[in-house]
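Down below is the structure, laid out as structure tokens.
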Amino acid sequence: MSARSEPTGGRDLDDRRWTVAERVAEAVRRRFPADVLAVAVHGPLAHGDDDGGGDREAGMLVVTYRSGAGPPPATRRVDGVLVDLTVAAAEDYLAQARVLSPLWPLTADRYVTTQALHDPTGWLRTLRDEHLGRLARARPAEFSTAARQAWYRGSAAHARAARLAEWYETDQALLMLGEARLAAATVTGLLSRTYFRDPGDAVRRTGLAGADMTEVGVVLARQAEELAARGRGVDGTIDELLTG
């Protein structure tokens, strides 16, 4: 094969990640011919760049006909490329794509942009259509409910970060502050119906990547006000807690 540097269908033929991914896909098909429905790549490789994953990482998906079939999920470095292999049964993965969870802004990218290496039945198109169809049917209240759950996670992480900082547990405080930033970014994604490529993309695009303790607290307070304005705030009674 002659060397080429121009991307072809999202693929840079000089990119070692694609070479390794295609070899993995071929090996999977050869070893599990009766189990595998589709093999694909997701993340930076599917986007045709190295943003968020570096140029030595390949995220791969193996879709099987039934649960427990195919290769086991695994992560290994192959010829200098870190291959993260996700294995999922087709119906299980479709079921996940139909759920609007608090983590939706961080998971939707895989349902929409995953790129096939082997997909003879067009299953990945079905995955994308099922997810987009679910979003089209979703009511605003569903996004608000998911955002409220994400807000609770962010508020708890922020409170823990503040307490750890008071105890001069700086490293742990920074870890919890990072969780609070990501949760607040997720809330923003849900309220605006925006999904992100990965956690780094989420905090970067929402302006929270460098936010300090006070700034994250201000964002969480503003989000609490918006959730209240949408019909149901983050505070409630014991009866509301017990009745969901």
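Would you mind stating whether ASP49 is out of contact with any Gly (no Cβ under 8 Å at 6 or more places or on another chain) and assigned to a loop (DSSP other than H, G, I, E, B)?
So ASP49 passes the test.
The conditions are (1) in a helix (DSSP H, G or I); (2) crowded, with 19+ Cβ neighbours inside 10 Å; (3) out of contact with any Leu (no Cβ under 6 Å at 6 or more places or on another chain), and ALA147 fails exactly one of them. Which is it?
Among (1) in a helix (DSSP H, G or I); (2) crowded, with 19+ Cβ neighbours inside 10 Å; (3) out of contact with any Leu (no Cβ under 6 Å at 6 or more places or on another chain), ALA147 violates only (3).
How many of the residues making up region 95-127 are open to solvent by 40 Å² or more (accessible area, probe 1.4 Å), under 18 Å from the mean Cα position of the chain (by Cα) and of a type in the set (D, E, K, R)?
Total satisfying the criteria: 2.
Which residues, taken from region 199-220, are open to solvent by less than 20 Å² (accessible area, probe 1.4 Å) and either without any contact (Cβ under 8 Å) to a residue 24 or more places away in the chain or part of a loop (DSSP other than H, G, I, E, B) (or both)?
Passing the criteria: LEU208, ALA211.
Give me the pairs, please: first residue somewhere in region 180-198 and at positive phi and of a type outside the set (S, T, N, Q), second residue anywhere and open to solvent by less than 50 Å² (accessible area, probe 1.4 Å) and assigned to a helix (DSSP H, G or I), beta-carbon distance under 7 Å, and either six or more positions apart or on two chains.
Note: pairs meeting the criteria are ARG193/PHE143.
Can you pull out the residues in region 94-122 that are free of Cβ contacts under 8 Å to residues at least 40 places away in the same chain and in contact with a helix residue (DSSP H, G or I) (Cβ under 7 Å, 6 or more places away or on another chain)?
Matches in region 94-122: LEU94, ALA97, ARG98, TYR111.
Being closer than 28 Å to GLY210 by Cα and open to solvent by 30 Å² or more (accessible area, probe 1.4 Å) is true for just one of GLU179, GLU130, GLU91. Which residue is that?
Just one listed residue meets the conditions, GLU179.
Could you figure out which of (1) under 25 Å from GLY200 (Cβ atoms); (2) modelled with pLDDT under 90 isn't true of TRP18?
For TRP18, the failing item is (2).
Just give me the residues in region 221-232 being free of Cβ contacts under 8 Å to residues at least 40 places away in the same chain and more than 26 Å from the chain's Cα centre (by Cα), in sequence order.
GLU225, ALA228, ALA229, listed by residue number.
Give region 61-88 a look and list any residue that's open to solvent by less than 50 Å² (accessible area, probe 1.4 Å) and in contact (Cβ under 8 Å) with a residue 60 or more places away in the chain, or say none.
VAL63, GLY80, VAL81, VAL83, LEU85
May I ask you to verify whether ASP55 is free of Cβ contacts under 8 Å to residues at least 60 places away in the same chain, under 22 Å from the mean Cα position of the chain (by Cα) and open to solvent by 30 Å² or more (accessible area, probe 1.4 Å)?
yes
The values are calculated or read from the model by the stated rules, or taken from the named source; none is laboratory data. Being a predicted model, the structure only gives us computed values, none of them experimental. FYI the Cβ positions are ideal-geometry reconstructions off the backbone, even for glycines, and counts take in every protein chain you see. Just so you know, the surface numbers come from the protein's heavy atoms only, side chains and all, with ligands and any DNA or RNA stripped out. Shrake-Rupley method; radii C 1.70, N 1.55, O 1.52, S 1.80 Å.
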